[in-house]
Each structure stands twice: as C-alpha cells, then as structure tokens.
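First comes the structure, then the notes that go with it.
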Amino acid sequence: MIRATTPTTLDDTCEITCVHPQAVQTARAALPDDDCVTRSTAFLKLVADPTRLKILSALNATELCVCDLAAVVGISESAVSHQLRLLRTGRVVTYRKEGRVAYYRLLDGHVTTLIENALEHARE
C-alpha cells in the first residue's frame with residue numbers, strides 16, 4: 001500500500017467547510033422545477049449530437065428539405081429523416097409542405113439563439 005505523505009488539495013475546492021446561508025437560499029430560489037429541468041436536459045441532449053448539430057447549423061442558415069440536408073451533412077436521406085423526426089418530437093424544428101416536398105426550419109428564436117451561441121462559444 002502506498003501512502004501519500006501530504007494531502008492532495010485542488011486550487012478550485014474550499015479548504016474549509018463554510019456554508020453561506022444567504023447564497024444557498026438565493027441559489028435554491030433560482031433553481032427551476034424538476035419538470036423544467038427534465039424538459040431542458042432532453043432538449044440539450046437533442047442538440048448535443050454531432051449529426052443533429054450539423055443539421056441544425058444548416059437550418060440556421062436556411063430552410064431545407066430532407067434531400068438538401070442529406071447533401072449538406074453527407075448522410076443518407078433516411079438518416080436525415082430519422083434525425084428530423086427526433087428533432088420534431090423534441091420541438092426543435094418544424095416544417096411546411098410545398099406540394100410533395102417538406103421544408104424544415106428551426107422552430108423558433110430560442111433554438112436559433114442556442115445554436116448560434118453554442119457555435120460561437122466553441123469558436124472562441
């Protein structure tokens with residue numbers, strides 16, 4: 001058995017136990033309810049997939065049909081359709097029909113802002 005002669009401490013941890021009741025109360029009051037947390041994490045999981053993020057990035061630029069999205073992202077139309085189904089169910093994208101063609105777009109400004117902010121953060 002190997003024993004450490006000095007305790008290991010990290011610079012980003014407290015060295016003493018000290019609770020700040022007002023700060024804890026403020027932070028607890030700011031926590032969303034469990035249902036909101038569940039829906040938010042499901043949403044973030046949807047956009048966290050690399051293929052779906054590419055699809056969403058393309059849709060952030062312009063409205064596209066499944067065939068166009070397949071060409072942009074470089075995967076099959078079937079794979080794009082599967083991803084779009086997940087994104088529609090998760091209320092991330094919506095579509096409109098023009099004849100026999102379905103054109104997809106981001107659902108709303110919240111999704112647009114999230115995608116733009118995520119990509120901008122990654123580029124910094």
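Before moving on, here are some points about what is shown:
- Cβ-derived FRET efficiency at R0 35 Å, VAL37 paired with ALA61, nearest 0.05: 0.70
- Sites listed here are trypsin sites (Lys or Arg not before Pro) in segment 56-124 whose DSSP assignment is loop and whose Cβ has at most 10 other Cβ atoms within 10 Å: ARG100.
- Amide H within-cut-off set for VAL93, under 5 Å, with H built and near neighbours excluded: ARG88, LEU107
- Value in Å of the Kirkwood radius, where the chain supplies the Cα pairs that are averaged: 17.9
- Efficiency of FRET from Cβ geometry, ARG105 and ALA27, R₀ 30 Å, rounded to 0.05: 0.25
- Contact order, relative form, for segment 31-124: 26 percent (alpha carbon pairs under 8 Å, 6 or more residues apart, mean separation divided by residue count).
- Separation in nanometres of the label points that stand 7 Å from Cα toward Cβ, at GLU98 and ASN117: 3.1
- Area of THR17 that stays accessible when all protein chains are in place (1.4 Å probe, Å², to 10): 140
- Sorting ILE55, ILE75 on solvent-accessible area from highest to lowest, probe radius 1.4 Å, gives ILE75, ILE55.
- Accessible surface calculations at 1.4 Å, restricted to protein heavy atoms, place the chain at 77 Å² per residue.
The values are calculated or read from the model by the stated rules, or taken from the named source; none is laboratory data. Here the structure is a predicted model, which means the values were calculated and not measured. Positions of Cβ are generated from backbone atoms using ideal geometry, with glycine treated the same way; all protein chains shown enter the neighbour counts. Just so you know, the surface numbers come from the protein's heavy atoms only, side chains and all, with ligands and any DNA or RNA stripped out. Shrake-Rupley method; radii C 1.70, N 1.55, O 1.52, S 1.80 Å.
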